[in-house]
Amino acid sequence: MNTSDVNFAHFFDYLLKARGRLLDWVRAQPAAVYTRTYPMGMGSIRATLVHTAGAEWAYVERLTGKDVSIGDSPFTVERQPEFEPFAAAWERRAPLTRQALAALGDPARPIEFTSRMGPKAMRVRTTAGGIGGQLLFHEVHHRAQVMAMLRQAGVAAENLDYSVLLFERTPIG
């Protein structure tokens with residue numbers, strides 16, 4: 001069996017570090033900031049974060065061969081209306097996501113599923129590596145939206161760059 005030269009689990013570890021900082025910024029705000037309407041992302045910090053967690057859940061399920069729908073997801077605004085229970089539930093899922101990425105196997109392994117997440121059902125054909133990459137990049141995309149929302153609320157939410165969080169830096173001189 002081929003294995004990927006990309007260590008998806010390593011990059012997920014970075015996401016968790018960045019996610020932790022992002023969630024700390026959200027946690028420090030009044031609940032009104034979490035639910036406030038913004039003209040970007042999914043329309044609120046809550047909806048954007050819950051969407052991101054739901055997508056991660058669905059990608060992991062698909063990596064393991066399960067066919068899922070949004071109705072199956074533990075991550076919907078209706079099921080996760082409050083920040084702290086949502087953040088705790090997403091944190092509990094992290095080891096399962098990391099394990100799925102670590103056990104990805106051949107990144108060229110074909111995966112086909114029916115997506116019922118949008119207005120029209122779609123047949124999707126991709127690869128395990130494609131899902132692994134999408135899982136990682138999808139969060140970065142929505143994290144940037146949440147950071148922009150936080151900045152609109154007056155929070156200095158900046159610099160969750162990979163190099164800032166993971167590169168070793170030593171002062172010279």
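The values are calculated or read from the model by the stated rules, or taken from the named source; none is laboratory data. On a predicted model such as this, the values are computed, not experimentally measured, just so you know. Glycine gets a Cβ as well: all are built from the backbone with ideal geometry, and neighbour counts include every protein chain shown. Surface areas here come from the heavy atoms of the whole protein model, side chains and all, with no ligands, DNA or RNA. Shrake-Rupley method; radii C 1.70, N 1.55, O 1.52, S 1.80 Å.
Taking segment 58-173 as the region of interest, the helices (runs of 4 or more DSSP H) fully inside it that hold 2 or more residues being over 24 Å from Phe11 (Cβ atoms) are 83-102, 128-152. Cβ-Cβ distances below 9 Å connect the following pairs, each with a first residue in segment 79-105 that is at positive phi, a second residue that is assigned to a helix (DSSP H, G or I) and surrounded by 13 or more Cβ atoms within 10 Å (Cβ to Cβ), and a separation of six or more residues or different chains: Gly105/Ala128.
The C-beta contact set for segment 28-56 (first residue in contact (Cβ under 8 Å) with a residue 12 or more places away in the chain, second residue among the acidic types (Asp, Glu) and in a helix (DSSP H, G or I), distance under 6 angstrom, 6+ apart or interchain) comprises Thr52/Glu139.
Note on segment 95-137: residues that are open to solvent by less than 60 Å² (accessible area, probe 1.4 Å) and of a type in the set (Phe, Trp, Tyr) amount to 1.
Considering only segment 26-41, state which residues are over 17 Å from Glu82 (Cβ atoms) and touching a helix residue (DSSP H, G or I) at 6+ places or on another chain (Cβ under 7 Å).
Tyr38, Met40, Gly41
Put simply, of Thr76, Thr127, Thr114, Thr97 the only residue that is modelled with pLDDT under 95 and of a type in the set (Val, Ile, Thr) is Thr114. Of all residues in segment 115-131, those that are within 19 Å of Asp72 (Cβ to Cβ) have Cβ atoms under 7 Å from Cβ atoms of residues that are in a loop (DSSP other than H, G, I, E, B) and open to solvent by less than 40 Å² (accessible area, probe 1.4 Å), 6 or more apart or on another chain, in Arg116/Ser69. Of all residues in segment 149-172, those being surrounded by 10 or more Cβ atoms within 10 Å (Cβ to Cβ), free of Cβ contacts under 8 Å to residues at least 40 places away in the same chain and not polar (S, T, N, Q) number 4.
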